[in-house]
Amino acid sequence: MTHPQSPEQPSAQGSHPQTGSAPLGEPGSGAADGRPYPQPYGHQGQPYPPYGQQGQPYPPQGQPYGQPYPQPSKTLAIISIVAGGLAVLFSLIPLLAWPLAAAAIVCGIIALVKKGGGRGLSIAGIILGGVGTVIALIVFIVAMAFVSSVEKTSGKSLGELQSSLASASAAANAEHTVQYKVTTNGKAKVSYSDAAGTSDEDIAAPWTKDYKDSGFVLASVSVMADGDADTAQVACEILIDGKTVSKKSDAGAYASAYCSGSAR
């Protein structure tokens, strides 16, 4: 014998008491008009919403957010420190050091004002440029004082001193003609020097030797009689550019004569 179901008792387990639908949020549940209720995110494989708006994905791991800022240029700073180093290196040559020092200081200041890269390099370049300027100035002052002292001591101006030096240099490089003359009344031995070195010759009559040399010339010639005869006679003479600079003679056993001279 069956009992009729009470109207107050739900017809199915878990159904709504009035609509007969499944509870909200459970599979298969829906509204009264038959449309399903939205399921919570992550439930039964439903994906989570993407990051950001309009499906923007998460940034890759390690990548910074947004676009990177451009790095400031270090060109002027590098020019400044290089020019400053060269200014110190060539500080003993003021006419070369001063333009380099000016370039170092100007480029360093511009780099600092424009807030470019390499602030430390710019400051170092300015300091080196200043050091190079000071050293070059000291060198210039000392050189001018030395020139003034030389002019006062010699009584000549710088131009006159340069002219004298040029004349002395030309004279030192001038070519000279050297001539040796030897006389003897018998056998003798001659030793002489020339541009090639030192040489010896045996003679029995008057003898001459000519050669040319430039710059400082040191000429020498000697003659010695070959024998102990008391009648032996020898003589030597040196001429440089046609002028006699040395002349000697001797007589007797083993007579000898030595001549020497120089030209500048």
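A simple packing score, the average count of other Cβ atoms within 10 Å per residue, orders the peptides 74-84, 112-122 as 74-84, 112-122, with the highest score first.
In straight-distance terms, cross-link reach from LYS114 covers every one of the lysines whose alpha-carbon lies under 22 Å from its own, apart from those fewer than eight places away in the same chain; here that gives LYS74. One chain, two ends: ALA143 and VAL131. Fully extended at 0.36 nm per residue, the span grows by 2.5 nm beyond their Cα-Cα distance. Pairs with C-alpha atoms separated by more than 19 Å, drawn from the list LYS187/LYS212; LYS209/LYS248; LYS187/LYS243, are LYS187/LYS212; LYS187/LYS243.
Net length available on complete extension from ALA229 to ALA196 is 8.5 nm, with 0.36 nm assigned per residue and the Cα-Cα distance removed. Modelled spin labels at ARG119 and TYR254, positioned 7 Å past Cα toward Cβ, are 9.4 nm from each other. Around SER256, with a cut-off of 11 angstrom between Cβ atoms, what is the net charge of the other residues, counting Lys and Arg +1 and Asp and Glu -1? With Lys, Arg at +1 and Asp, Glu at -1, the neighbours total 0.
Counted residue by residue at 0.36 nm each, then reduced by the alpha carbon distance between them, the extension gain from GLU160 to LYS243 reaches 26.9 nm.
Taking 7 Å steps out from each Cα toward its Cβ at LYS187 and LYS152 produces label points 7.1 nm apart. Spin-label model, LEU96/PHE216: points 7 Å from Cα along the beta carbon direction are separated by 3.0 nm. Placing R0 at 51 angstrom, the Cβ-Cβ distance between THR75 and ASN173 gives a FRET efficiency of 0.50 after rounding to 0.05.
Just so you know, all these numbers are worked out from the coordinates, no wet-lab data involved. All values derive from a computational prediction rather than experimental measurement. Ideal geometry is used to build each Cβ from the backbone, glycine not excepted, and the neighbour counts take in all protein chains shown.
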